[in-house]
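The values are calculated or read from the model by the stated rules, or taken from the named source; none is laboratory data. Keep in mind it's a predicted model, so treat the numbers as computed, not measured. Here the Cβ is made from the backbone with ideal geometry for all residues, glycine too, and neighbour counts use every protein chain on show. Please note that ligands, DNA and RNA were not included when accessible areas were found on the heavy atoms of the full protein model with its side chains. Shrake-Rupley method; radii C 1.70, N 1.55, O 1.52, S 1.80 Å.
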Protein chains: 2
Amino acid sequence: MKTVKIYDTTLRDGCQAEQVAFSVEDKLRVARRLDDLGVAYIEGGWPNASNPRDQEFFQRVRDIDWTQAKIAAFGSTRRGGIKAEDDSNLQYLIASEAPVVTIFGKSWDLHVTEVLRVSRAENLVMIEDSVALVKSEGREVVFDAEHFFDGYKAAPEYALQTLSAAARGGADWLVPCDTNGGTLPDDLRDIMEAVASEFDLPLGIHAHDDNGMAVANSIIAVQCGVEQVQGTINGYGERVGNANLGTVIPNLELKLGRQCLPKGNLNKLTAVSHYVSEIANLPHNDRQPYVGASAFAHKGGMHVDAVLKTPESFEHVPPDAVGNERRILVSDYAGRSTVLSKLQKLWPQLQRDDPVVAKLLSEVKQREYDGYAYEAAEASLELLAQRLQQTMPELFKLHGFRVIVEKREEDAEPCAEATIQLEVNGATLHTAAEGTGPVNALDLALRKALTEKYPALRQLHLTDYKVRVLDTTRGTATSVQVLIEATDGEEVWGTVGAHENIIEASWQALVDSIIYGLQRQMNKSRSGGNAEPGNDYIA
Amino acid sequence: MKTVKIYDTTLRDGCQAEQVAFSVEDKLRVARRLDDLGVAYIEGGWPNASNPRDQEFFQRVRDIDWTQAKIAAFGSTRRGGIKAEDDSNLQYLIASEAPVVTIFGKSWDLHVTEVLRVSRAENLVMIEDSVALVKSEGREVVFDAEHFFDGYKAAPEYALQTLSAAARGGADWLVPCDTNGGTLPDDLRDIMEAVASEFDLPLGIHAHDDNGMAVANSIIAVQCGVEQVQGTINGYGERVGNANLGTVIPNLELKLGRQCLPKGNLNKLTAVSHYVSEIANLPHNDRQPYVGASAFAHKGGMHVDAVLKTPESFEHVPPDAVGNERRILVSDYAGRSTVLSKLQKLWPQLQRDDPVVAKLLSEVKQREYDGYAYEAAEASLELLAQRLQQTMPELFKLHGFRVIVEKREEDAEPCAEATIQLEVNGATLHTAAEGTGPVNALDLALRKALTEKYPALRQLHLTDYKVRVLDTTRGTATSVQVLIEATDGEEVWGTVGAHENIIEASWQALVDSIIYGLQRQMNKSRSGGNAEPGNDYIA
């Protein structure tokens, strides 16, 4: 099988993205994970005087044993008018001790004369010199030909001369870059074919996504004979971003039969994608091809029916090939198959014609009409099934709550207070709490009442709270939908509430969230043999 | 210039996306905006017995004068073994009175035998029959050939026969669909060329993005001669989504020289993209090509330098071509030019160096950091400017409010009550009201207090109320953003509030909404010569 080397630049070009910033520790963690995934190159940054963070990174990576990846340092050709040996940026690259050095140079004459402001001839010497110097230090040298495609369109001969200069300097790789991300596939193919016919050196591709073509252009370049693809996890990068490796890699492996990662590693891809977005502290894009949470999520009733009969009918690849999973979304488009597949997770022995399926289906449809949504609230769906089956344990009984928000003058800060009265195991508890807002106060008062009896509650945290107002322009009563996400540090679960009163909608989602979490804790301790008092309540 | 017809399916396929759900009012608003943008077709939904929402949509669109777009209804071919006239789904399509009907049929033999479970021959008759029936009602018929590309790979002759059946039935358009979104550009080109050589009817393309190729495939199809592109705003759609029209349209217009929208309309694209995500209540994807906030955002120091010297050095197209703008990321989220352009909309004579600009810019920046957003809240921006300029009339002075939500037992309905104390023209008023929820109660109590003095208030109605929770994963205090839309029957205006307490955030947006509306009423009656008491207050 032909191989393609994956060159990851998440830690360099990825950091050019708006909102992406990694500390040195972050970079090391991401690099370890990329090595475990099995990329061939990890570009760690641009070590130079104004970038001490990247200098430190290259110092620290020396002590790590990398199993798959080679570490690459990135930097520009020397400045005009000086010797390569006297260029401090090149000295930083050498001092980084990175086994691979990627040097970028200008391939578009506009940039040479307007941005660098050197002569076209001097630019060629700068490229050759700089590559030769680093090569003389025994490094593997990748030449990134910046703006190559725009340059080729403007002055094809000159663009090719810049590659020749790098080749003369001893470069190991020539990598035409679509730096502005504006090249269409047909043009890219023509130009890559022209390059491939001129050079015997191995070629790479570096594509940006400004016209939405970075992945397509990378794939087409491989079809033109390119052996290295540069890109980033989640497509992070300057402006719109770089070629998304989470899409490039499975396309190459599953559709073109090229090996990019060590055999058996492709199914690590979804987890790596999530990991990098967590380190970047950015929400994971659900709608990413292959690795997004929605990539194999089926909503339409007819689709669901078909995908359960014949998976390939609506899935272009099996989700587990990339470590993702099929999700059947419960919505008002849902049919019986959708509900059945959810229920079978809870009760694997359940048959399609069991009356509980029809009962739950009609209940879910009614509730979705009323404003509930179970797509992101599987915990509430599970509890709804328990309630319908009357297998729901009663952890507490509410006697009432009151929430007060008060503002005492025009510019005063408002205050929020909640009181709650409930019964646990026959004992009546009455608590009060202040919060930043009414829902926060209610949450705190509820926890105050329950924590003594259910200390496991301390491990539960709300991680997200979303509000949506439905059918607001209908003139009929407005319904407010609240989605809460919570975690105990191991699992994350979603719950939903809906009501025309936002406090009541929040209360429903809050209570479901806490009950689901407590059931989980109790089941866990029961299966671990450490029965706790609450266990009696679990069906 | 060659034209390409844009067929928007945001309101149908877009609603198959996880988290996307539109009310009938939402659909109508989006449709009006798409018509203003100038797409050729708006697919509104699938009217049938289990979808009363879409039935209502098609009823209501009949009374609207569409300037550019034709409205299309979507549905499947008849079921097997019955006459087309007896198929209730086809009857719903006809009853919708939509001038365009899009019928989808199966082009992959696997689906025919495994999912539909009819014979290959019967499927062909189903297609022909169904198209012919709708055609006999005088409608324009688009045939969506579901799974065409997978079908062609499995059984090319049969796939082509399904198109022939639609052509025999009288279809006006044949649209091969890459329903699973797994087709690579090279395969797509080969297959589209085969189709184009067989049929004289106009062709379309419907691509899904599961392998990240929906846009590339759409562009390549146009290069093969296709005259209609189906897609959605923001790429919303089943699983990963559909071809993103925000990327397809500028690629076709700016790079391939095809006309898709009426001349001069391309620069409406960014605003439409934002509008649709607002209606869907989903965050706008900053990293969308062309229309995302990051699409022309420059972060790297060298890039910024170059882009200021020579814009085309790092911008593949001028940002204003699509109604977007260049952003130089000096600090974290500097949206300075956005704010300036907003201000100039309100006060066209305003000079860039007027001190009020700097003052308002820094205030807006601080407030956007705190959670306010003025994109959809220009009324609040105008009032903020008045407050800073101290030209804001005092319509009333708040002494305080209290909101109570109470629930008296587990299954009881909660009740919401608000009391409010305020001063109007020296008189203190103290009112109370019950509402469906806390914000409704507050609104009613406020109106009770103000209506006697400001009877114009009776003409103001809140039409939308949206809540968004910001920075939920940051660990710092969560901020709640409330957007309110109101109308007096002539103009619609938006206001914003933000606070960690949702009641306070709602209060801010509510007060702005009422003040803005009253100012409007008073200005109107003043300019009409009918001075009212309140006029003294208007600056």
Going by the conditions given, is A:V125 at pLDDT 95 or above, touching a strand residue (DSSP E or B) at 6+ places or on another chain (Cβ under 6 Å) and of a type in the set (V, I, T)?
-> no
Does at least one position in the stretch B:28-48 carry a residue that is over 30 Å from B:R117 (Cβ atoms), open to solvent by 10 Å² or more (accessible area, probe 1.4 Å) and not in a helix (DSSP H, G or I)?
-> yes
Enumerate the helices (runs of 4 or more DSSP H) found wholly within the stretch A:77-185, keeping only those where 3 or more residues are surrounded by 22 or more Cβ atoms within 10 Å (Cβ to Cβ) and within 12 Å of chain B (Cβ to nearest Cβ).
-> A:148-154
Where residues in the stretch A:56-76 are outside any loop (DSSP other than H, G, I, E, B) and in contact (Cβ under 8 Å) with a residue 60 or more places away in the chain, which of them is surrounded by the most Cβ atoms within 10 Å (Cβ to Cβ)?
-> A:A72
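Suppose we filter A:A433, A:A427, A:A418, A:A385 for residues that are small (G, A, S), at pLDDT 90 or above and over 27 Å from B:V403 (Cβ atoms); which single one remains?
Working: A:A433 fails: over 27 Å from B:V403 (Cβ atoms); A:A418 fails: over 27 Å from B:V403 (Cβ atoms); A:A385 fails: at pLDDT 90 or above.
Exactly one of A:A433, A:A427, A:A418, A:A385 is small (G, A, S), at pLDDT 90 or above and over 27 Å from B:V403 (Cβ atoms), namely A:A427.
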Inter-residue pairs, beta-carbon under 7 Å, first within 14 Å of another protein chain (Cβ to nearest Cβ) and in contact (Cβ under 8 Å) with a residue 40 or more places away in the chain and in the stretch B:252-268, second open to solvent by less than 50 Å² (accessible area, probe 1.4 Å) and of a type in the set (D, E, K, R), 6+ apart | B:L252/B:R258
Taking B:D512, is it modelled with pLDDT of 95 or more, open to solvent by less than 20 Å² (accessible area, probe 1.4 Å) and under 25 Å from the mean Cα position of the chain (by Cα)?
-> yes
In the stretch B:190-206, which residues are of a type outside the set (V, I, T), open to solvent by less than 40 Å² (accessible area, probe 1.4 Å) and under 21 Å from A:K255 (Cα atoms)?
-> B:M192, B:H206
Does A:D210 fit the bill of being under 29 Å from B:P311 (Cα atoms), out of contact with any helix residue (DSSP H, G or I) (no Cβ under 8 Å at 6 or more places or on another chain) and without any contact (Cβ under 8 Å) to a residue 60 or more places away in the chain?
-> yes
Would you pick out the residues in the stretch B:1-27 that are of a type in the set (A, V, I, L, M), open to solvent by 10 Å² or more (accessible area, probe 1.4 Å) and in a helix (DSSP H, G or I)?
-> none
Of the residues that make up the stretch A:440-461, is at least one among the hydroxyl-bearing types (S, T, Y), in the same structural domain as A:H499 (by TED's automatic domain parsing) and within 29 Å of B:Q481 (Cβ to Cβ)?
-> no
Is it the case that A:E227 is touching a Lys or Arg at 6+ places or on another chain (Cβ under 9 Å) and surrounded by fewer than 24 Cβ atoms within 10 Å (Cβ to Cβ)?
-> yes
Filter result (within 14 Å of chain A (Cβ to nearest Cβ), open to solvent by less than 70 Å² (accessible area, probe 1.4 Å), farther than 28 Å from A:H499 by Cα and hydroxyl-bearing (S, T, Y)) within the stretch B:380-431 = none
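Look through A:S294, A:S273, A:S313 and report the one residue that is buried (at least 18 other Cβ atoms within 10 Å of the Cβ), in contact with a helix residue (DSSP H, G or I) (Cβ under 7 Å, 6 or more places away or on another chain), closer than 19 Å to A:I233 by Cα and among the hydroxyl-bearing types (S, T, Y).
A:S273 is the lone residue from the list that is buried (at least 18 other Cβ atoms within 10 Å of the Cβ), in contact with a helix residue (DSSP H, G or I) (Cβ under 7 Å, 6 or more places away or on another chain), closer than 19 Å to A:I233 by Cα and among the hydroxyl-bearing types (S, T, Y).
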State whether one or more residues within the stretch A:488-500 are touching a Pro at 6+ places or on another chain (Cβ under 8 Å) and at the interface with chain B (Cβ under 8 Å from one of its Cβ atoms).
-> yes
